[in-house]
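The values are calculated or read from the model by the stated rules, or taken from the named source; none is laboratory data. Source: prediction; values computed, not measured. Note: ideal-geometry Cβ built from the backbone for every residue, glycine included; neighbour counts use all protein chains shown.
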């Protein structure tokens with residue numbers, strides 16, 4: 001079965017500095033990959049998705065991610081963090097059966 | 001467009017009691033998922049339905065958990081008997097299938113049902 005590993009459980013950045021949240025995946029098939037965000041006491045929201053089109057994917061709120069097959073990675077980046085970006089971020093992999101598996105999550109803290 | 005509806009939002013029970021959660025997906029969404037999210041962890045897939053059929057229930061503890069989606073629309077997840085470790089948020093999500101049964105990949109989540117087992 002496919003799986004994802006989020007390499008950092010917690011990332012802390014200062015407002016205005018770049019954000020990097022790391023994700024590695026494992027899949028026997030050509031996977032679809034996603035990043036979801038969960039703000040405190042709110043539902044999960046899709047940030048962006050990769051489904052075998054362009055390897056650099058742009059999402060909402062200035063986030064983007066690059067699919068690198070050779071490294072089995074799908075890291076999430078943003079050039080400049082904003083206070084409102086503080087949340088929990090989940091990397092998700094989906095196989096040919098649309099079986100969506102979540103990583104353990106990375107908590108992003110943004111310092112003023 | 002109405003979102004994914006879940007009820008109840010909160011439930012407190014004692015261990016060995018039973019509980020049921022209900023989910024109504026977005027109209028027209030063929031795929032429905034139940035996830036368990038324990039505090040501080042990522043959502044864990046319990047069961048995936050496509051219409052009224054089960055696609056994947058490999059991580060569902062079948063000795064105590066059951067789920068059904070009889071008419072291919074709304075779904076019920078039941079826990080009987082509950083254990084302390086079942087305390088979690090139970091998330092329902094749905095997804096739209098394109099012609100040819102290709103999932104768009106985007107899950108739409110409900111607000112979740114928070115279960116506390118004492």
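Out of curiosity, is residue A:40 in contact with a helix residue (DSSP H, G or I) (Cβ under 8 Å, 6 or more places away or on another chain), surrounded by fewer than 18 Cβ atoms within 10 Å (Cβ to Cβ) and on the phi < 0 side of the Ramachandran plot? No; evaluated as a whole, the condition is false for this residue. Applying a threshold of 6 Å to beta carbon distances and a minimum spacing of six or more residues, or different chains, the list of pairs starting in the range A:1-27 at a residue that is surrounded by fewer than 13 Cβ atoms within 10 Å (Cβ to Cβ) and ending at one that is modelled with pLDDT under 95 reads A:3/A:26; A:3/A:101. The single condition among (1) in contact with a strand residue (DSSP E or B) (Cβ under 8 Å, 6 or more places away or on another chain); (2) on the phi > 0 side of the Ramachandran plot; (3) within 14 Å of another protein chain (Cβ to nearest Cβ) that residue A:67 does not meet is (2).
Counting only strands (runs of 3 or more DSSP E) that sit completely within the range B:1-72, those holding 1 or more residues that are within 14 Å of chain A (Cβ to nearest Cβ) and under 13 Å from the mean Cα position of the chain (by Cα) correspond to B:5-7, B:19-24, B:31-37, B:44-50, B:53-56.
Filtering the range A:79-101 to residues that are within 14 Å of the chain's Cα centre (by Cα) and either within 14 Å of chain B (Cβ to nearest Cβ) or within 14 Å of residue A:46 (Cβ to Cβ) (or both) leaves A:87, A:88, A:89, A:90, A:91, A:92, A:93, A:94, A:100, A:101. For residue A:76, the conditions (1) part of a loop (DSSP other than H, G, I, E, B); (2) more than 14 Å from every other protein chain (Cβ to nearest Cβ) are fulfilled apart from (1).
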